[in-house]
Amino acid sequence: MTGVESPVYEPGHGLLKGRTAVITAAAGAGIGGATARRFLEEGARVLISDAHARRLKECEAELGREFPGAVSAVPCDVTDEAQVRALFDTAAEQHGRLDVVVNNAGLGGTSALVDMTDEQWVRVLDVTLNGTFRCTRTALRHMRDSGGGVIVNNASVVGWRAQAGQAHYAAAKAGVMALTRCAAVEAAAYGVRVNAVSPSLAMHPHLVKVTSAELLEELTAREAFGRYAEPWEVANVIVFLASGYSSYMTGEVVAVSSQHA
């Protein structure tokens, strides 16, 4: 990390005590994994999910040692409607109700638009936008019947700002923002709040593997603080949106970014 001094990792304050949560794409060192840990630190019972069953099992075991009895796991590919339904049905069966859903699953990639294939376009949108739609729809059905809840979607600053090679990802994330706003209007009648976070550059090992050093350096240089965000800094904002501290917020897309235009 470069630039200003490293941020301080705040301890939990019980903001989600007694809440039950489902978090997708939570097996790893990125925003999903950081969110799962922060939710557990804040007192929530968490059902983590991911399309990668092996990594998910390892993550469940690791978190289970630190937070015994508070974490469970169900593999789920958000492009498969049956798997999405099974995920939320399991959450309801285990906990009796569903208080918070974090739709973190997304897929990126880099390709110039003139070279992009239909398969590349469709795959990114199916995971990132359609997957968020499937999970939001299923979560709303459960929350409508149980009397309320909170949904937090993971968008991106590229949904607002242009970036070469990211047409499919930007379109998907802009769609997540629009879906968030429309879902919030409908969900208010059920006592459900729907918001989104919009991170810029949150560093984790997978991003390093799929992004060139030159591009990472360029993106980092755009940040006002001269550094990338830690995944847990994004997770902190997700905790806020999931907690009672944001009780009058819905349909909002909150930028977690210091990135210059």
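The values are calculated or read from the model by the stated rules, or taken from the named source; none is laboratory data. Keep in mind that this is a model prediction, so the values were computed, not measured. Note that each Cβ is placed from the backbone with ideal geometry, even for glycine, and that neighbours are counted across all protein chains shown. All accessible areas refer to the heavy atoms of the entire protein, side chains included, with ligands and DNA or RNA removed. Shrake-Rupley method; radii C 1.70, N 1.55, O 1.52, S 1.80 Å.
Before moving on, here are some points about what is shown:
- Extension gain, residue 61 back to residue 214 (0.36 nm per residue minus Cα-Cα distance, nm): 51.5 nm
- Tensor-based shape of the stretch 1-133 (alpha-carbon gyration tensor, a/c under 1.5 rounded, otherwise prolate or oblate): oblate
- Spacing of the two label points (7 Å from each Cα toward its C-beta) at residue 53 and residue 122, in nm: 2.5 nm
- If R0 is taken as 30 Å, the Cβ-Cβ distance between residue 189 and residue 17 corresponds to a FRET efficiency of 0.65.
- Residue-by-residue Karplus 3J(HN,Hα) for the stretch 23-29, coefficients 6.51, -1.76, 1.60, Hz, glycine and proline x: 10, 8, 6, 9, 9, x, 9
- For the stretch 120-167, alpha-carbon Rg and Dmax in angstrom: 14.1, 44
- Most to least packed among 117-124, 66-73 [average Cβ atoms within 10 Å]: 66-73, 117-124
- Accessible surface of residue 31 - all protein chains present, 1.4 Å probe, nearest 10 Å²: 30 Å²
- Cα gyration tensor shape of the stretch 112-261, rounded if a/c is under 1.5, else prolate or oblate by comparing a/b with b/c: oblate
- In Hz, Karplus ³J(HN,Hα) per residue of the stretch 104-115 (6.51, -1.76, 1.60; θ = phi - 60°; x = Gly, Pro): 9, 4, x, 9, x, x, 10, 7, 4, 4, 5, 9
- Of all accessible heavy-atom area on the chain, the percent that carbon and sulfur account for (1.4 Å): 54 percent
- Dipole of the chain computed with +1 at Lys/Arg Cβ and -1 at Asp/Glu Cβ about the Cα centre; of 201, 22, 130, farthest Cα towards the positive end is 22.
- Using only alpha-carbon positions in the stretch 62-173, the gyration tensor eigenvalues give semi-axes of 31, 15, 13 Å once each is multiplied by 5 and square-rooted (largest first).
- Placing pseudo-labels 7 Å out from each Cα toward the beta carbon at residue 137 and residue 248 gives an inter-label distance of 3.4 nm.
- The chain - percent relative contact order, Cα under 8 Å, separation 6 or more: 20 percent
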